[in-house]
Amino acid sequence: MNTPGLRAVIQQLKETNLKENAYLGFFYNDDETCYVKANKEGLELYATKLLEASLEMDSRVFIENKKEVFNLSLKELIKDSDFQFSFIELVHKTKAEILEPVKEEHNQTWKDELAGYIIIGCFIFVLISMLTGFVTIITWFF
C-alpha cells in the first residue's frame, strides 16, 4: 500500500476509534501458549500502531549493525496483560535474509583433527580396559 493510502487508513482508524473503550491484552495459558484478548476498538488501535511503524520504515535510515526501533506507547490500552511489547525492531531486509543462518567458516587445523583422534583413542582404550577387567573378574570366579 502506498504512503498516502496508509496515512488515510491510520487517520480514519484514529477518528473512529474510542480509546476509552479499547481493550487489548496478551496472556499466557496454562499449557504455555499465548493468546490475545481484545475487543474491536483495541484491535484497531493496535493495528494503527503497526501501520504507523510501517510508515516509519520509509523515513528511517538503516545502518548496518544498528538497531532501529519503533516504540509502542500503549500503556493506557494494555493494563492487566501478562506481558506487552515495548517496541518493534524495524528491519530493512527480506524474509529470506532475516531467516538465513549466519555461516561461520571454521577451517580445522591439523591440531583440531589430532585432538579428535586422541579423544576417540582414549575412549577406545577405556572400553578395552573395562572389557579386559570384566573378563578377568569372570575368570576368577569360574
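No value in this document is a laboratory result; all are computed from the given coordinates. Here the structure is a predicted model, which means the values were calculated and not measured. For neighbour counting, all protein chains shown are included, and Cβ atoms are generated from backbone atoms with ideal geometry for every residue, glycine included.
As I understand it, the value is the acute angle between the Cα axis of helix 3-16 and the longest principal axis of the Cα atoms of the chain; what does it come to in degrees, rounded to 10? It works out to around 70 degrees.
Listed peptides 17-30, 44-57, 129-142 appear in the order 44-57, 17-30, 129-142 once ranked by packing, highest mean of other Cβ atoms within 10 Å at the front. Distant-in-sequence amide contacts of E68, defined by a placed amide H-H separation under 5 Å and a gap of 5 or more residues or a different chain, comprise L90.
Listed values for region 123-140 are Karplus-derived 3J(HN,Hα) couplings in whole Hz (6.51 cos²θ - 1.76 cosθ + 1.60, θ = phi - 60°), namely 5, 5, 4, 5, 4, 5, 5, 5, 5, 5, x, 5, 5, 5, 5, 5, 5, 5, and x replaces Gly and Pro. Quick one: 3J(HN,Hα) in Hz for region 29-44, Karplus 6.51/-1.76/1.60 with θ = phi - 60°, rounded, Gly and Pro as x. 3J(HN,Hα) across region 29-44, in whole Hz: 8, 5, 8, 6, 9, 10, 8, 10, 10, 7, 9, 4, 5, x, 5, 5. Among D31, D80, which comes first, second and so on when ranked by fewest other beta-carbon atoms within 10 Å? Ranking D31, D80 by Cβ neighbours within 10 Å, fewest first, gives D31, D80.
Annotation: the chain has a Kirkwood hydrodynamic radius of 21.3 angstrom, from the mean reciprocal C-alpha pair distance. Computed about its Cα centre, the charge dipole of the chain is approximately 180 debye, with only Lys, Arg, Asp and Glu carrying charge at their Cβ. Rounded to the nearest 500, the helix-only mean residue ellipticity at 222 nm of the chain stands at -17000 deg cm²/dmol, with each DSSP H run of n ≥ 4 adding -39,500 (n - 2.57). Near the amide H of F87, within less than 5 Å, lie the amide hydrogens of L72, all on another chain or at least 5 residues away, with H placed in the peptide plane. Full extension of the segment from Q108 to K79, taken as 0.36 nm per residue of separation minus the current Cα-Cα distance, would add 5.1 nm.
Specify the inter-centroid distance of region 1-71 and region 87-142, based on alpha-carbon positions, in whole Å. Cα centroid of region 1-71 versus Cα centroid of region 87-142: 46 Å apart.
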